[in-house]
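Everything on this sheet refers to the single structure shown next.
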Amino acid sequence: MIIAVSCTVPETRYVDVETGHQSGVEAERQMDVEAVVQAEPVEFDPDSVTPEVYENTKQAIFHFIQGLNSIIKHRRYSAWTQYLDTDYYQYINSPYYLQELSKSGTLVARKIVLSNAYDYFMHVVVPSRSNDRVDEIEFVSETRIKAISIENGNRVIIYDLEKTQDSWKIVMPNFTR
């Protein structure tokens, strides 16, 4: 945890009466803010992740998925929702998404129409996600990773995850965000 403390020190400001421009500490701060805003965003380099960070993160994700699998196996909907990012939950609970997913072959064959996130959990997540395993992870940023399973020689992204202050959350895949 990082705690930042700010102290305010009285400052001298000068304003040029002809131009209206400020000088002094406040003007320097404004120039610093403008420089940051105009700076190009720093691209994350996945190769910068050390083997130690990779292994520690992979272990954390392994345990996260184990806990999630247990919740899914025991059909604990409320506990499952705690693993979801708010935006992702809203997305899977949206009428459009539920309607489109209801058109899938398996659900149509079983005559299931999803009407809310609970239906999604019971009819989609429970049958398909209770035995997920993590074979590898892929860093997207310092706080975002893809959990990957290897199935029949193919890499399958099982979850997009983001590290919050105290835990990991399932988030929208990159292509939908």
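The values are calculated or read from the model by the stated rules, or taken from the named source; none is laboratory data. No experiment lies behind these values; they were computed from the predicted model shown. Here Cβ is always computed from backbone atoms with ideal geometry, including for glycine, and neighbour counts include all displayed protein chains.
A few remarks follow.
- Residue pairs whose Cβ atoms lie under 9 Å apart, separated by 6 or more positions or on different chains, with the first residue in the range 93-115 and closer than 18 Å to Val126 by Cα and hydrophobic (A, V, I, L, M, F, W, C) and the second at pLDDT 95 or above and outside any helix (DSSP H, G or I), are Leu98/Val113; Leu98/Leu114; Leu98/Ser115; Leu98/Asn116; Leu101/Leu114; Leu107/Val113; Leu107/Leu114.
- Taken residue by residue, the range 140-153 has at least one member that is buried (at least 18 other Cβ atoms within 10 Å of the Cβ) and in contact (Cβ under 8 Å) with a residue 40 or more places away in the chain.
- Within the range 48-66, tally of residues that are in contact (Cβ under 8 Å) with a residue 24 or more places away in the chain and either under 13 Å from Glu142 (Cβ atoms) or among the hydroxyl-bearing types (Ser, Thr, Tyr) (or both): 3
- Test: Thr8 is over 15 Å from Val124 (Cβ atoms), at pLDDT below 50 and polar (S, T, N, Q): yes
- For the range 89-97, the criterion of being more than 21 Å from Lys163 (Cα to Cα) and β-branched (Val, Ile, Thr) is met by none of the residues.
- Here Arg133, Arg75, Arg129 are screened, and the one residue that is buried (at least 17 other Cβ atoms within 10 Å of the Cβ), within 25 Å of Trp168 (Cβ to Cβ) and among the basic types (Lys, Arg) is Arg129.
- Among the residues of the range 81-102, the one identified as acidic (Asp, Glu) and over 14 Å from the mean Cα position of the chain (by Cα) is Glu100.
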